[in-house]
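Notes follow the structure.
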Amino acid sequence: MHHSTHDILAPVPGIARQIHSFHFGPRGAGKIYIQASLHADELPGMLVAWHLKQRLAELEARGLLRREIVLVPIANPVGLEQVLMDVPLGRFELQSGENFNRNFVDLSDPIGDQIEAHLNQDPAHNVALIREYLRRALDAHPTHTPLQSQRLTLQRLACDAEMVLDLHCDFDAVAHLYTTPEAWPQVEPLARYLGTQASLLATDSGGQSFDECFTLVWWQLQQRFGKQFPIPQGSFSVTVELRGQGDVNHPLAKQDCGAILDYLTHYGAIEGEAAQMPALLYPETPLAGVEPVATPLGGLLVFHVAPGQYLEAGQLIAEVIDPLSDRVTPVRNAQPGLLYARSLRRMATAGMVIAHVAGRQAYRSGYLLSP
Ligand SMILES: [Zn+2]
(Lines give C-alpha, C1' and ligand atoms only; values in the text may rest on other atoms or scores of the structure.)
Protein backbone atom coordinates (compact mmCIF):
# COMPACT_ATOMS: atom_id res chain seq x y z
CA MET A 1 0.00 0.00 0.00
CA HIS A 2 1.22 3.43 -0.88
CA HIS A 3 -0.07 6.49 1.00
CA SER A 4 0.05 9.90 -0.73
CA THR A 5 -0.91 13.31 0.54
CA HIS A 6 -2.03 16.15 -1.73
CA ASP A 7 -1.97 19.71 -0.45
CA ILE A 8 -5.04 21.86 -1.01
CA LEU A 9 -4.60 25.59 -1.51
CA ALA A 10 -4.67 27.15 1.97
CA PRO A 11 -7.31 29.85 2.56
CA VAL A 12 -5.10 31.78 5.01
CA PRO A 13 -1.62 31.38 6.48
CA GLY A 14 -1.50 28.86 9.31
CA ILE A 15 -4.10 26.49 7.83
CA ALA A 16 -3.07 23.32 5.99
CA ARG A 17 -5.43 20.77 4.46
CA GLN A 18 -4.66 17.63 2.50
CA ILE A 19 -6.40 14.94 0.55
CA HIS A 20 -5.02 11.54 1.56
CA SER A 21 -5.06 8.76 -1.03
CA PHE A 22 -4.26 5.10 -0.34
CA HIS A 23 -3.08 3.07 -3.33
CA PHE A 24 -3.37 -0.72 -3.32
CA GLY A 25 -2.37 -3.27 -5.95
CA PRO A 26 -0.24 -3.14 -9.08
CA ARG A 27 0.22 0.09 -11.02
CA GLY A 28 -0.20 0.21 -14.76
CA ALA A 29 -2.73 -2.62 -15.00
CA GLY A 30 -5.86 -0.46 -14.84
CA LYS A 31 -7.21 1.68 -12.03
CA ILE A 32 -10.27 1.85 -9.84
CA TYR A 33 -11.00 4.92 -7.75
CA ILE A 34 -13.22 4.98 -4.64
CA GLN A 35 -13.88 8.04 -2.50
CA ALA A 36 -16.18 8.82 0.42
CA SER A 37 -17.96 11.79 1.93
CA LEU A 38 -17.59 14.41 -0.80
CA HIS A 39 -20.65 15.79 0.93
CA ALA A 40 -18.92 15.93 4.26
CA ASP A 41 -22.04 15.33 6.37
CA GLU A 42 -22.65 12.00 4.58
CA LEU A 43 -20.57 9.59 6.60
CA PRO A 44 -21.72 5.99 5.95
CA GLY A 45 -19.27 5.79 3.02
CA MET A 46 -16.37 6.94 5.20
CA LEU A 47 -16.91 3.95 7.48
CA VAL A 48 -17.21 1.66 4.46
CA ALA A 49 -13.92 3.11 3.16
CA TRP A 50 -12.27 2.39 6.49
CA HIS A 51 -13.41 -1.23 6.31
CA LEU A 52 -12.24 -1.39 2.68
CA LYS A 53 -8.84 -0.09 3.73
CA GLN A 54 -8.25 -3.07 6.02
CA ARG A 55 -9.62 -5.61 3.56
CA LEU A 56 -7.68 -4.22 0.58
CA ALA A 57 -4.46 -4.36 2.62
CA GLU A 58 -5.13 -8.07 3.32
CA LEU A 59 -5.95 -8.79 -0.32
CA GLU A 60 -2.82 -6.96 -1.46
CA ALA A 61 -0.66 -8.90 1.02
CA ARG A 62 -2.07 -12.14 -0.43
CA GLY A 63 -1.28 -10.93 -3.97
CA LEU A 64 -4.90 -10.99 -5.10
CA LEU A 65 -5.28 -7.49 -6.54
CA ARG A 66 -5.23 -7.26 -10.34
CA ARG A 67 -5.80 -3.52 -10.64
CA GLU A 68 -4.61 -0.48 -8.77
CA ILE A 69 -7.36 0.49 -6.31
CA VAL A 70 -7.17 4.05 -5.03
CA LEU A 71 -9.10 4.86 -1.88
CA VAL A 72 -9.83 8.38 -0.57
CA PRO A 73 -11.75 8.00 2.71
CA ILE A 74 -12.12 11.77 3.27
CA ALA A 75 -12.85 13.51 -0.02
CA ASN A 76 -13.85 16.83 1.53
CA PRO A 77 -11.67 18.08 4.39
CA VAL A 78 -12.85 21.64 3.60
CA GLY A 79 -16.47 20.71 4.37
CA LEU A 80 -15.72 18.33 7.21
CA GLU A 81 -14.75 21.13 9.56
CA GLN A 82 -17.78 23.28 8.71
CA VAL A 83 -19.76 22.91 11.92
CA LEU A 84 -21.91 25.90 12.74
CA MET A 85 -23.53 26.10 16.17
CA ASP A 86 -23.41 22.33 16.65
CA VAL A 87 -24.77 21.58 13.16
CA PRO A 88 -22.46 20.00 10.53
CA LEU A 89 -22.82 21.76 7.15
CA GLY A 90 -21.00 19.55 4.67
CA ARG A 91 -23.01 19.93 1.45
CA PHE A 92 -22.29 23.55 0.50
CA GLU A 93 -19.09 25.51 0.97
CA LEU A 94 -19.81 28.34 3.38
CA GLN A 95 -17.50 30.76 1.58
CA SER A 96 -19.18 30.51 -1.83
CA GLY A 97 -22.49 28.74 -1.16
CA GLU A 98 -21.54 26.20 -3.85
CA ASN A 99 -22.43 22.53 -3.61
CA PHE A 100 -19.20 20.56 -3.09
CA ASN A 101 -20.37 18.03 -5.69
CA ARG A 102 -20.98 20.39 -8.60
CA ASN A 103 -18.91 22.39 -11.10
CA PHE A 104 -16.04 19.96 -11.63
CA VAL A 105 -14.15 21.24 -14.66
CA ASP A 106 -15.21 20.18 -18.14
CA LEU A 107 -12.18 20.00 -20.42
CA SER A 108 -13.67 18.05 -23.29
CA ASP A 109 -13.48 20.91 -25.84
CA PRO A 110 -9.78 21.80 -25.37
CA ILE A 111 -8.83 18.12 -25.10
CA GLY A 112 -10.74 17.41 -28.31
CA ASP A 113 -8.79 20.19 -30.08
CA GLN A 114 -5.47 18.80 -28.82
CA ILE A 115 -6.05 15.13 -29.67
CA GLU A 116 -7.76 15.57 -33.04
CA ALA A 117 -4.55 15.16 -35.05
CA HIS A 118 -3.39 12.15 -32.99
CA LEU A 119 -6.47 9.90 -33.03
CA ASN A 120 -6.30 6.73 -35.12
CA GLN A 121 -8.24 3.50 -35.74
CA ASP A 122 -6.85 1.70 -32.68
CA PRO A 123 -9.31 2.06 -29.75
CA ALA A 124 -6.63 1.25 -27.14
CA HIS A 125 -4.38 3.99 -28.56
CA ASN A 126 -7.26 6.48 -28.40
CA VAL A 127 -8.07 5.59 -24.78
CA ALA A 128 -4.44 6.03 -23.72
CA LEU A 129 -4.22 9.29 -25.68
CA ILE A 130 -7.33 10.77 -24.11
CA ARG A 131 -6.24 9.75 -20.59
CA GLU A 132 -2.83 11.33 -21.16
CA TYR A 133 -4.29 14.63 -22.41
CA LEU A 134 -6.89 14.66 -19.64
CA ARG A 135 -4.14 14.28 -17.02
CA ARG A 136 -2.10 17.04 -18.66
CA ALA A 137 -5.06 19.39 -18.95
CA LEU A 138 -6.02 18.89 -15.30
CA ASP A 139 -2.41 19.37 -14.16
CA ALA A 140 -2.22 22.62 -16.10
CA HIS A 141 -5.60 23.93 -14.96
CA PRO A 142 -5.29 26.93 -12.61
CA THR A 143 -6.89 27.05 -9.16
CA HIS A 144 -7.78 30.25 -7.41
CA THR A 145 -9.72 29.06 -4.36
CA PRO A 146 -9.47 26.21 -1.82
CA LEU A 147 -12.72 24.80 -3.22
CA GLN A 148 -11.38 24.68 -6.79
CA SER A 149 -8.13 23.24 -5.49
CA GLN A 150 -9.95 20.45 -3.64
CA ARG A 151 -12.09 19.65 -6.69
CA LEU A 152 -9.09 19.53 -9.02
CA THR A 153 -7.12 17.34 -6.61
CA LEU A 154 -9.94 14.77 -6.61
CA GLN A 155 -10.42 15.03 -10.36
CA ARG A 156 -6.70 14.48 -11.00
CA LEU A 157 -6.66 11.42 -8.76
CA ALA A 158 -9.62 9.82 -10.55
CA CYS A 159 -9.27 11.04 -14.16
CA ASP A 160 -7.43 7.99 -15.51
CA ALA A 161 -9.51 5.40 -13.64
CA GLU A 162 -11.67 2.98 -15.60
CA MET A 163 -14.16 2.86 -12.70
CA VAL A 164 -15.07 5.60 -10.22
CA LEU A 165 -17.22 4.93 -7.14
CA ASP A 166 -18.33 8.02 -5.20
CA LEU A 167 -19.85 7.04 -1.85
CA HIS A 168 -22.60 9.34 -0.59
CA CYS A 169 -25.84 9.00 1.36
CA ASP A 170 -29.21 10.75 1.42
CA PHE A 171 -31.10 12.18 4.42
CA ASP A 172 -33.30 9.20 5.32
CA ALA A 173 -33.20 6.60 2.57
CA VAL A 174 -32.80 3.08 1.29
CA ALA A 175 -29.64 2.29 -0.66
CA HIS A 176 -29.74 3.65 -4.21
CA LEU A 177 -27.35 4.78 -6.92
CA TYR A 178 -26.90 7.13 -9.88
CA THR A 179 -25.11 6.25 -13.09
CA THR A 180 -25.48 6.61 -16.86
CA PRO A 181 -27.63 4.46 -19.16
CA GLU A 182 -24.44 3.67 -21.13
CA ALA A 183 -22.73 2.30 -18.00
CA TRP A 184 -25.76 0.44 -16.62
CA PRO A 185 -24.81 -3.02 -17.98
CA GLN A 186 -21.50 -2.77 -16.07
CA VAL A 187 -23.09 -1.24 -12.96
CA GLU A 188 -26.07 -3.58 -12.62
CA PRO A 189 -24.03 -6.26 -10.75
CA LEU A 190 -22.98 -3.58 -8.23
CA ALA A 191 -26.65 -2.67 -7.69
CA ARG A 192 -27.39 -6.34 -7.05
CA TYR A 193 -24.52 -6.94 -4.62
CA LEU A 194 -25.30 -3.74 -2.72
CA GLY A 195 -29.04 -4.39 -2.75
CA THR A 196 -29.87 -0.91 -4.03
CA GLN A 197 -33.59 -0.28 -4.30
CA ALA A 198 -33.40 2.47 -6.90
CA SER A 199 -30.93 2.86 -9.77
CA LEU A 200 -31.37 6.24 -11.40
CA LEU A 201 -29.95 6.73 -14.88
CA ALA A 202 -29.03 9.93 -16.72
CA THR A 203 -26.27 10.82 -19.18
CA ASP A 204 -26.11 14.47 -18.18
CA SER A 205 -28.08 15.65 -15.16
CA GLY A 206 -26.78 19.17 -15.60
CA GLY A 207 -24.61 19.84 -12.54
CA GLN A 208 -21.14 18.71 -13.69
CA SER A 209 -21.02 16.49 -10.59
CA PHE A 210 -18.00 14.38 -9.73
CA ASP A 211 -19.31 11.15 -11.26
CA GLU A 212 -20.44 12.84 -14.48
CA CYS A 213 -17.26 14.86 -15.07
CA PHE A 214 -15.56 11.56 -15.99
CA THR A 215 -18.26 9.92 -18.09
CA LEU A 216 -19.17 13.15 -19.87
CA VAL A 217 -15.69 13.83 -21.22
CA TRP A 218 -15.70 10.42 -22.97
CA TRP A 219 -19.28 10.84 -24.09
CA GLN A 220 -18.60 14.28 -25.55
CA LEU A 221 -15.47 13.08 -27.37
CA GLN A 222 -17.50 10.17 -28.74
CA GLN A 223 -20.13 12.61 -30.01
CA ARG A 224 -17.45 14.73 -31.68
CA PHE A 225 -15.15 12.06 -33.16
CA GLY A 226 -17.06 8.78 -32.91
CA LYS A 227 -18.00 8.66 -36.60
CA GLN A 228 -14.35 8.84 -37.73
CA PHE A 229 -12.49 7.09 -34.88
CA PRO A 230 -13.27 4.28 -32.42
CA ILE A 231 -13.51 5.90 -28.97
CA PRO A 232 -14.54 3.47 -26.23
CA GLN A 233 -16.14 4.61 -22.96
CA GLY A 234 -12.82 4.92 -21.10
CA SER A 235 -14.39 5.43 -17.70
CA PHE A 236 -17.66 4.72 -15.95
CA SER A 237 -18.71 6.10 -12.62
CA VAL A 238 -21.35 5.59 -10.00
CA THR A 239 -22.64 7.73 -7.17
CA VAL A 240 -23.61 5.24 -4.49
CA GLU A 241 -26.08 6.45 -1.85
CA LEU A 242 -25.53 4.33 1.25
CA ARG A 243 -28.94 4.95 2.85
CA GLY A 244 -29.42 7.84 5.30
CA GLN A 245 -27.15 10.13 7.28
CA GLY A 246 -27.70 8.22 10.52
CA ASP A 247 -26.84 4.84 9.01
CA VAL A 248 -23.27 4.74 10.25
CA ASN A 249 -22.71 1.39 11.95
CA HIS A 250 -20.42 -1.60 11.60
CA PRO A 251 -22.96 -4.22 10.44
CA LEU A 252 -24.09 -2.09 7.47
CA ALA A 253 -20.57 -0.88 6.67
CA LYS A 254 -19.19 -4.43 6.68
CA GLN A 255 -22.06 -5.54 4.46
CA ASP A 256 -21.45 -2.69 1.99
CA CYS A 257 -17.67 -3.25 2.05
CA GLY A 258 -18.26 -6.93 1.30
CA ALA A 259 -20.65 -6.03 -1.53
CA ILE A 260 -18.10 -3.70 -3.15
CA LEU A 261 -15.38 -6.37 -2.89
CA ASP A 262 -17.75 -8.97 -4.38
CA TYR A 263 -18.41 -6.58 -7.24
CA LEU A 264 -14.70 -5.91 -7.78
CA THR A 265 -14.11 -9.68 -7.82
CA HIS A 266 -16.91 -10.13 -10.35
CA TYR A 267 -15.42 -7.28 -12.40
CA GLY A 268 -12.00 -8.95 -12.39
CA ALA A 269 -10.12 -6.44 -10.25
CA ILE A 270 -9.69 -8.98 -7.44
CA GLU A 271 -8.65 -12.56 -8.07
CA GLY A 272 -11.06 -15.22 -6.91
CA GLU A 273 -14.51 -16.67 -7.36
CA ALA A 274 -17.21 -13.98 -7.29
CA ALA A 275 -20.00 -14.48 -4.77
CA GLN A 276 -23.36 -15.45 -6.19
CA MET A 277 -25.21 -12.38 -7.41
CA PRO A 278 -28.53 -11.62 -5.69
CA ALA A 279 -31.54 -10.51 -7.73
CA LEU A 280 -32.00 -6.82 -8.55
CA LEU A 281 -34.49 -5.48 -5.99
CA TYR A 282 -36.07 -2.85 -8.23
CA PRO A 283 -35.52 -2.18 -11.94
CA GLU A 284 -33.41 0.73 -13.15
CA THR A 285 -35.40 3.90 -13.85
CA PRO A 286 -34.64 7.21 -15.59
CA LEU A 287 -33.48 10.05 -13.33
CA ALA A 288 -35.93 12.13 -15.37
CA GLY A 289 -38.68 9.93 -13.90
CA VAL A 290 -37.91 10.89 -10.30
CA GLU A 291 -40.64 12.95 -8.70
CA PRO A 292 -39.38 15.42 -6.09
CA VAL A 293 -42.53 15.65 -3.96
CA ALA A 294 -42.93 19.13 -2.49
CA THR A 295 -45.31 20.51 0.10
CA PRO A 296 -47.28 23.61 -0.95
CA LEU A 297 -47.47 24.92 2.62
CA GLY A 298 -45.28 24.99 5.69
CA GLY A 299 -46.03 23.17 8.91
CA LEU A 300 -45.28 20.22 11.09
CA LEU A 301 -44.32 17.31 8.83
CA VAL A 302 -45.75 13.90 9.77
CA PHE A 303 -44.84 11.08 7.38
CA HIS A 304 -47.22 8.24 6.58
CA VAL A 305 -44.75 6.22 4.48
CA ALA A 306 -41.15 5.14 4.92
CA PRO A 307 -38.25 4.78 2.45
CA GLY A 308 -38.45 1.52 0.54
CA GLN A 309 -42.23 1.60 0.10
CA TYR A 310 -43.76 1.32 -3.36
CA LEU A 311 -46.45 3.97 -3.89
CA GLU A 312 -49.41 4.08 -6.22
CA ALA A 313 -50.16 7.50 -7.74
CA GLY A 314 -51.91 9.81 -5.30
CA GLN A 315 -50.87 8.01 -2.13
CA LEU A 316 -50.65 9.93 1.14
CA ILE A 317 -46.96 10.55 1.82
CA ALA A 318 -47.29 13.00 4.69
CA GLU A 319 -49.52 15.46 6.47
CA VAL A 320 -48.38 19.02 7.00
CA ILE A 321 -50.05 20.40 10.11
CA ASP A 322 -50.56 24.02 11.13
CA PRO A 323 -51.13 23.70 14.88
CA LEU A 324 -52.52 27.26 15.07
CA SER A 325 -55.26 27.02 12.45
CA ASP A 326 -55.63 23.19 12.69
CA ARG A 327 -55.24 23.05 8.91
CA VAL A 328 -53.98 19.62 7.84
CA THR A 329 -52.55 19.48 4.31
CA PRO A 330 -52.10 16.05 2.76
CA VAL A 331 -49.09 15.69 0.45
CA ARG A 332 -49.38 13.05 -2.28
CA ASN A 333 -47.23 11.83 -5.14
CA ALA A 334 -48.47 12.30 -8.72
CA GLN A 335 -46.48 9.42 -10.26
CA PRO A 336 -46.38 5.82 -9.04
CA GLY A 337 -42.97 4.57 -7.96
CA LEU A 338 -40.63 3.65 -5.16
CA LEU A 339 -40.16 6.17 -2.37
CA TYR A 340 -36.40 5.91 -1.89
CA ALA A 341 -35.59 9.01 0.19
CA ARG A 342 -37.30 11.46 2.48
CA SER A 343 -36.34 14.55 4.41
CA LEU A 344 -35.01 14.53 7.97
CA ARG A 345 -36.59 17.90 8.71
CA ARG A 346 -39.91 17.83 10.52
CA MET A 347 -40.84 21.51 10.21
CA ALA A 348 -41.57 21.85 6.51
CA THR A 349 -41.32 25.21 4.77
CA ALA A 350 -43.63 26.08 1.86
CA GLY A 351 -42.29 24.59 -1.38
CA MET A 352 -39.87 22.24 0.37
CA VAL A 353 -39.18 18.85 -1.18
CA ILE A 354 -40.09 16.25 1.41
CA ALA A 355 -39.50 13.00 -0.51
CA HIS A 356 -38.25 11.50 -3.78
CA VAL A 357 -40.16 8.85 -5.70
CA ALA A 358 -38.49 6.80 -8.47
CA GLY A 359 -41.08 6.50 -11.22
CA ARG A 360 -40.58 4.51 -14.40
CA GLN A 361 -41.65 7.18 -16.91
CA ALA A 362 -39.29 10.05 -17.72
CA TYR A 363 -41.18 13.34 -17.57
CA ARG A 364 -38.63 15.95 -16.42
CA SER A 365 -35.83 17.59 -18.41
CA GLY A 366 -33.01 20.07 -17.87
CA TYR A 367 -31.33 20.18 -14.47
CA LEU A 368 -32.24 16.94 -12.71
CA LEU A 369 -30.37 17.08 -9.40
CA SER A 370 -31.18 18.46 -5.97
CA PRO A 371 -29.66 21.88 -5.19
ZN1 LIG B 1 -24.14 13.48 -1.39
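The values are calculated or read from the model by the stated rules, or taken from the named source; none is laboratory data. Predicted, not measured: the structure shown is a model, and the values here were computed from it. Using ideal geometry, Cβ is built from the backbone for each residue, glycine included, and neighbour counts are taken over all protein chains shown. Calculation scope for accessible area: heavy atoms of the full protein, side chains included, ligands and nucleic acids excluded. Shrake-Rupley method; radii C 1.70, N 1.55, O 1.52, S 1.80 Å.
Values as computed for the structure displayed
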quantity	calculated
Per residue value of the accessible surface for the stretch 19-143 (all protein chains in place, 1.4 Å probe), Å²	46
The chain - charge dipole about Cα centre, Lys and Arg +1 at Cβ, Asp and Glu -1, debye rounded to 20	160
Loop trypsin sites (Lys or Arg not before Pro), the stretch 265-349 (other Cβ atoms within 10 Å of the site Cβ: 13 or fewer; DSSP)	ARG327, ARG345, ARG346
Residue-span extension gain [GLN114 to ALA334] - 0.36 nm each, minus C-alpha spacing	74.4 nm
The stretch 100-248: C-alpha gyration tensor shape, a/c 1.5 cut-off, then a/b vs b/c	oblate
Alpha carbon centroid spacing (whole Å) that separates the stretch 185-212 from the stretch 96-167	20
Cross-link reach list, lysines versus LYS53, counting only Cα pairs under 17 Å and skipping chain neighbours closer than eight places	LYS31, LYS254
Cα gyration tensor category, rounded, prolate or oblate, for the stretch 1-61 with a/c compared to 1.5	oblate
Length-normalised contact order of the chain in % [C-alpha pairs under 8 Å, at least 6 apart]	17
Residue-averaged 222 nm ellipticity for the chain, from DSSP H runs of 4+ at -39500 (n - 2.57), nearest 500	-9000 deg cm²/dmol
FRET efficiency for TYR310 and SER365, using Cβ-Cβ distance with R0 set to 35 Å, rounded to 0.05	0.90
Top positive-direction residue, dipole computed over the stretch 134-222 with Cβ charges, set LEU167, ALA202, ALA137	ALA137
Percent antiparallel among DSSP beta bridges (both partners in the chain, rounded to 5)	65
Cα centre as origin, Lys/Arg/Asp/Glu Cβ charges: the stretch 253-352 dipole, Debye	440
Volume of the Cα convex hull of the chain, divided per residue and given in Å³	149
Accessible area in square angstrom per residue, the stretch 244-342, 1.4 angstrom probe	46
Loop GluC sites (Glu not before Pro), the stretch 72-150, which have at most 13 other Cβ atoms in a 10 Å radius of their Cβ (DSSP)	GLU81
For the stretch 215-335: rounded, prolate or oblate by the Cα gyration tensor [a/c cutoff 1.5]	oblate
Relative contact order of the stretch 143-207, defined on C-alpha pairs under 8 angstrom at six or more residues apart (%)	30
Positive-pole candidate from GLN223, GLY79, ASN103, dipole of the chain, charges at beta carbon	GLY79
Of the trypsin sites (Lys or Arg not before Pro) in the stretch 213-257, those whose Cβ has at most 16 other Cβ within 10 Å and which sit in DSSP loop	LYS227
Dipole in debye (nearest 20) - the stretch 66-132, about Cα centre, beta carbon charges: Lys, Arg +1; Asp, Glu -1	340
